[in-house]
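Notes follow the structure.
The values are calculated or read from the model by the stated rules, or taken from the named source; none is laboratory data. Just so it is clear, the structure is predicted and the values come from calculations on it, not from any experiment. Don't worry about glycine lacking a Cβ; one is built from the backbone with ideal geometry, like all the others, and counts go over all protein chains shown.
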Amino acid sequence: MTILQSIEKYVALSKEEAGYFTSILETKIVKQGELLEKPGEITPYFIYVKSGCLMTYFIHPDGSDHVVQFATSSWWTSDLASFTKVTPSNYATKALADSEVHLIYKKDFDELLERYPVFEKFFRLLFQNSLITHQNRIIQTVAHTAEERYDYFQQKYPTLEQFVPQKYIASYLGITPEFLSKIRRKKMGR
């Protein structure tokens, strides 16, 4: 799915709107392991994943990674607080696989929203859906077992386990890699 097809699932774009939007995108090939966001630096762009997989995570002072989100094809990601408020990021975002992304820089993003109100609507819907997803994730974390969270993870990201290290999946689920192994063994025994 192209980025315009992804947007047009929510709003209709004129040729002018679509043309302007694509003119402000920067396409970038990101190698596995490459960082797109770094903690302590201002996030200069909003990221759309055309292909591949990105992971956004928080680095605890003890050096451990706490995965906040995976972003695969047709997903958007970035530290929204850093991007919108122009403050240092709390997160790192790196490619877990070779990826192709589209970047929209802050200045261009703000101008886009000013010029074409249809994008205000699109990004409002996108941010609303993101908030709902994050709220549901909080509920899952506090109200569901690790096994239930893993089942939901498999439904939400059916192909992700093929190329994401177990330690990152465990971090996303809020459990240890050893406990994730135990859950997997138990499921295979069913």
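Pairs only if they're at least six apart or on different chains, beta carbon under 6 angstrom, first in the stretch 1-16 and closer than 18 Å to I47 by Cα, second part of a loop (DSSP other than H, G, I, E, B) and of a type in the set (S, T, Y); list them, first residue then second.
As it stands, the answer is M1/S74; S6/S74, since those pairs meet every condition given.
Pick from L113, L80: which is closer than 20 Å to K9 by Cα and either surrounded by 12 or more Cβ atoms within 10 Å (Cβ to Cβ) or among the aromatic types (F, W, Y) (or both)? Outline the logic, then answer.
Details: L80 fails: closer than 20 Å to K9 by Cα.
Testing whether each residue is closer than 20 Å to K9 by Cα and either surrounded by 12 or more Cβ atoms within 10 Å (Cβ to Cβ) or among the aromatic types (F, W, Y) (or both) leaves just L113.
What number of residues within the stretch 116-150 satisfy the criterion of being surrounded by 13 or more Cβ atoms within 10 Å (Cβ to Cβ) and more than 22 Å from A18 (Cα to Cα)?
Going through the stretch 116-150 one residue at a time, the tally reaches 8.
Scan (1) in contact (Cβ under 8 Å) with a residue 60 or more places away in the chain; (2) under 26 Å from G174 (Cα atoms) for the single condition K38 breaks and write down its number.
Only one criterion is unmet by K38, namely (1).
Quickly run through the stretch 57-77 and pick out the residues that are crowded, with 16+ Cβ neighbours inside 10 Å, hydroxyl-bearing (S, T, Y) and either free of Cβ contacts under 8 Å to residues at least 24 places away in the same chain or more than 19 Å from S6 (Cβ to Cβ) (or both).
Hit for the stretch 57-77 is Y57, nothing else.
In the stretch 20-39, which residues are loosely packed, with under 11 Cβ neighbours inside 10 Å and farther than 23 Å from F58 by Cα?
S23
How many residues does the stretch 1-35 contain that are in a strand (DSSP E or B) and closer than 23 Å to Q166 by Cβ?
First pass over the stretch 1-35, keeping only residues in a strand (DSSP E or B): 26-30, 35.
Next, from what is left, pick out any that are closer than 23 Å to Q166 by Cβ: 30, 35.
Residues flagged as in a strand (DSSP E or B) and closer than 23 Å to Q166 by Cβ within the stretch 1-35 amount to 2.
Exactly one condition in (1) within 15 Å of S130 (Cβ to Cβ); (2) over 12 Å from the mean Cα position of the chain (by Cα) is false for A71; which is it?
(2)
So which pairs qualify, if the first residue must be in the stretch 164-190 and surrounded by fewer than 17 Cβ atoms within 10 Å (Cβ to Cβ) and in a helix (DSSP H, G or I), the second must be of a type in the set (F, W, Y) and modelled with pLDDT of 90 or more, the Cβ gap must be under 9 Å, and the two must be at least 6 apart or on different chains?
R184/Y150; K187/Y150
So in the stretch 133-163, with the set limited to residues that are part of a helix (DSSP H, G or I) and touching a residue at least 24 places away in the same chain (Cβ under 8 Å), which one is farthest from Q69 (Cα to Cα)?
Here the residue is E147.
Quick one: L54 ticks every box in (1) free of Cβ contacts under 8 Å to residues at least 40 places away in the same chain; (2) within 25 Å of L4 (Cα to Cα) bar one, so which box is it?
Exception for L54: condition (1).
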